[in-house]
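Below you'll find the structure, written out as structure tokens, and then a few comments.
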Amino acid sequence: MSRYFRAEIKENRPVDKSYNILGLKPLKPSREPEPGQFYMIGIGGEYDPLLKRPFSVFRKNSDGFQILYRIKGRGTLLMRDMKEGVVIDVLGPLGNSYPLPDKGQIPLIVAGGIGIASVFSLAEKLSGESYMFYGARNRDELLMLNELKGLAEELFISTDDGSSGRKGTIADVLNDFLTHPSPVTQAKACGYSIYACGPKPMLEAVSRIAIDKGLNGYVSLEENMACGVGACLGCVVKTREGYKRVCKEGPVFPIEEIVW
Amino acid sequence: MNLSVNIGKLKLKNPVMTASGTFGYGEEYSEFVDLNRLGAVVVKGLSLTPREGNPPPRIIETPAGMLNAIGLQNIGIEVFIKDKLPFLRQFHTPVIANFFGDTVEEYSEAAKRLSDIEDIHGLEMNISCPNKHAGWIIFGTDPKVTFEVVSAVRRATHLPLIVKLSPNVTDIALMAKVAEDAGADAVSMINTITGMSIDIKTRRPRLANMTGGLSGPTIKPIAVRMVYEAYRAVKIPIIGMGGIMKAEDAIEFMLAGATAVAAGTANFVNPTVTIDIIHGIESFMKENSIVDVKELIGALRC
């Protein structure tokens, strides 16, 4: 099954004023994505924009899969206008995926902003087992809350402006949770495993907390990307073993590996 | 229909190659492309010892193109021979090793080492990198230095030697002639054009390295013009590249004087582009009753 295929747009609908869900149906059998993997999406225009854009797989569905994207730059603005029925070029699923927690470990899923797109399917896969920490700039940018409530054992929310959940960063919420664990989680926990995706400062803060408390875990990273298959060496991040490619060795990296 | 062309004593089954640095070591694209179909595989640039490369961000998109400042990151010649070449050996497609050095001596040594290895069929030297012994001025922008380094490499190898020219010069025809006089079997052109992009909100360069190499369809007219100028100056074959996205582009380069062509940035956009170009050239030949692809070389009407 080729990882380079054409896919029909089944839906491209707003979930909020600056977020859309793009549903794609591959026109030939394609590989099943795992949580944490990504696709390179061709956004048309003969040569401008030139490169495909990387997006995490948000959810699998009966047609194929969905991408949850934030309308931010030129590429995503053009994506917003792509119509149902249009056929586009897609490369994927690419990269590695989130390793599942060891038996007895409680998964702590931490999402910041659009980072929710990457960890959502992990929460689905771990149905009900995970504790979820989700931060955004404000209440409007918290997406899929109803679905998330059903997916996690417990859902913690923070916003930068305090319009929903706790005012402050989601890393602080995680830190408090780990510093003052409830008797219930303490009784259950045979260690934790952290899964985080979001803006770099958040990932760095989460990583420090994890290292501080001796927990293992993973962060999903992003970088500007051209090829998505490990050839161009454009998307590297600094690790303890030198530069590694987000598209190939990542996007999911063990927390202790990353040099911030 | 004959698609084969010769680059010095190297025979290619068709004129379509991969541009160095855009096709990894072949393996990365082998799930999309049958490497047996390609004219040649040109691998990511190699140096005697591994290079770490530049800090990110290393790439950004520009209108109809991209800027890159990878910084020549590579695994080094020895690791290439041990870990990557065995994979490429299974295919009946010539492997061309692109390489570079910081000094003339490093170039010679690298060429010598690569020439000892069975199943490396040709060398492409990248002269668009800085010279440690001359204030880090780019080798390929000074005719004297170009002559010196190409001559030294010529003495160090018996393999077909391709010199990849830098477009960041005033007179590309002169540089092609210098490479020819120094013993090159072919020139490939163009390498990326130095460019820069600034984020006006932060007032910072958008690449960590400040400047980078511009590639993609945006540079194609410059590349075609340079191939045309070089073709009139040298007798050795030219491998044309710079923004080739489809067969029509490849044919344009051949009409300007290229004997073979390479797809670079296009691989990132369409991983099967090399095969698409080969098919497209075949269709064009059929439609225009061309029996030998060599009929296209330099067939520009003025």
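Structure above, values below:
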{"item": "Check on B:I277, of a type in the set (V, I, T), more than 16 Å from the chain's Cα centre (by Cα) and in a helix (DSSP H, G or I)", "result": "yes"}
{"item": "Close pairs (8 angstrom Cβ cut-off, 6 or more residues apart or separate chains): more than 7 Å from chain B (Cβ to nearest Cβ) in segment A:233-246, crowded, with 16+ Cβ neighbours inside 10 Å and polar (S, T, N, Q) anywhere", "result": "A:C235/A:N224"}
{"item": "Pairs, first among the polar types (S, T, N, Q) and at pLDDT below 95 in segment A:111-140, second part of a helix (DSSP H, G or I) and surrounded by fewer than 24 Cβ atoms within 10 Å (Cβ to Cβ), C-beta under 7 Å, six or more apart", "result": "A:S127/A:L151"}
{"item": "Filtered residues of segment B:203-251 (kept if under 18 Å from the mean Cα position of the chain (by Cα) and among the charged types (D, E, K, R))", "result": "B:K220, B:R225, B:E229, B:K246, B:D249"}
{"item": "Top-ranked residue of segment A:24-79 - restricted to ones that are of a type in the set (S, T, Y) and either surrounded by fewer than 16 Cβ atoms within 10 Å (Cβ to Cβ) or assigned to a loop (DSSP other than H, G, I, E, B) (or both), ranked as farthest from the other protein chains (Cβ to nearest Cβ)", "result": "A:S62"}
{"item": "Residue list for segment B:238-254, filter: closer than 18 Å to B:A176 by Cβ and without any contact (Cβ under 8 Å) to a residue 60 or more places away in the chain", "result": "B:G240, B:F253"}
{"item": "Candidates B:K294, B:K235, B:K286, filtered to the one that is closer than 25 Å to B:M175 by Cα, surrounded by fewer than 24 Cβ atoms within 10 Å (Cβ to Cβ), more than 14 Å from chain A (Cβ to nearest Cβ) and touching a residue at least 60 places away in the same chain (Cβ under 8 Å)", "result": "B:K294"}
{"item": "Selected residue [modelled with pLDDT of 95 or more and under 15 Å from B:L165 (Cβ atoms)] from B:A250, B:A266, B:A256", "result": "B:A256"}
{"item": "Identity of the residue in segment A:189-220, part of a loop (DSSP other than H, G, I, E, B) and within 19 Å of A:P101 (Cα to Cα), that ends up nearest to the chain's Cα centre (by Cα)", "result": "A:L215"}
{"item": "Complete set of residues in segment B:266-302 that are touching a helix residue (DSSP H, G or I) at 6+ places or on another chain (Cβ under 8 Å) and charged (D, E, K, R)", "result": "B:D276"}
{"item": "Options A:G191, A:G214, A:G242, A:G228; residue that is at positive phi and in contact with a Pro (Cβ under 8 Å, 6 or more places away or on another chain)", "result": "A:G228"}
{"item": "Given (1) out of contact with any helix residue (DSSP H, G or I) (no Cβ under 9 Å at 6 or more places or on another chain); (2) more than 17 Å from B:I59 (Cα to Cα), index of the condition B:M210 fails", "result": "(2)"}
{"item": "Selection count where residues are over 16 Å from the mean Cα position of the chain (by Cα), more than 27 Å from B:A263 (Cα to Cα), among the hydrophobic types (A, V, I, L, M, F, W, C) and outside any strand (DSSP E or B), scope segment A:221-260", "result": "2"}
{"item": "Matching residues, segment B:22-60, being surrounded by fewer than 21 Cβ atoms within 10 Å (Cβ to Cβ) and among the basic types (K, R)", "result": "B:R37, B:R51"}
{"item": "Lone qualifier among A:L233, A:L174 - being modelled with pLDDT of 95 or more, touching a Lys or Arg at 6+ places or on another chain (Cβ under 8 Å) and either small (G, A, S) or farther than 15 Å from A:R137 by Cα (or both)", "result": "A:L233"}
{"item": "Residues of segment A:210-232 classified as surrounded by 24 or more Cβ atoms within 10 Å (Cβ to Cβ), at the interface with another protein chain (Cβ under 7 Å from one of its Cβ atoms), under 22 Å from A:Y69 (Cα atoms) and not β-branched (V, I, T), total", "result": "2"}
{"item": "Residue within segment A:120-134 that is acidic (D, E), surrounded by fewer than 22 Cβ atoms within 10 Å (Cβ to Cβ) and not assigned by TED's automatic domain parsing to the domain that holds A:K10 present", "result": "yes"}
{"item": "Number of the exception - B:N68 against (1) away from chain A (no Cβ under 14 Å); (2) crowded, with 17+ Cβ neighbours inside 10 Å; (3) among the polar types (S, T, N, Q)", "result": "(1)"}
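Residues checked against (1) within 21 Å of A:G42 (Cα to Cα); (2) at pLDDT below 95:
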position	(1), (2)
A:I209	no, no
A:G214	no, yes
A:M225	yes, no
A:V237	no, no
A:R240	no, no
A:Y243	no, no
A:V246	yes, no
A:P251	yes, no
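The values are calculated or read from the model by the stated rules, or taken from the named source; none is laboratory data. Only a predicted model underlies this, so the values are computations on that prediction, with no experimental measurement involved. Note: ideal-geometry Cβ built from the backbone for every residue, glycine included; neighbour counts use all protein chains shown.
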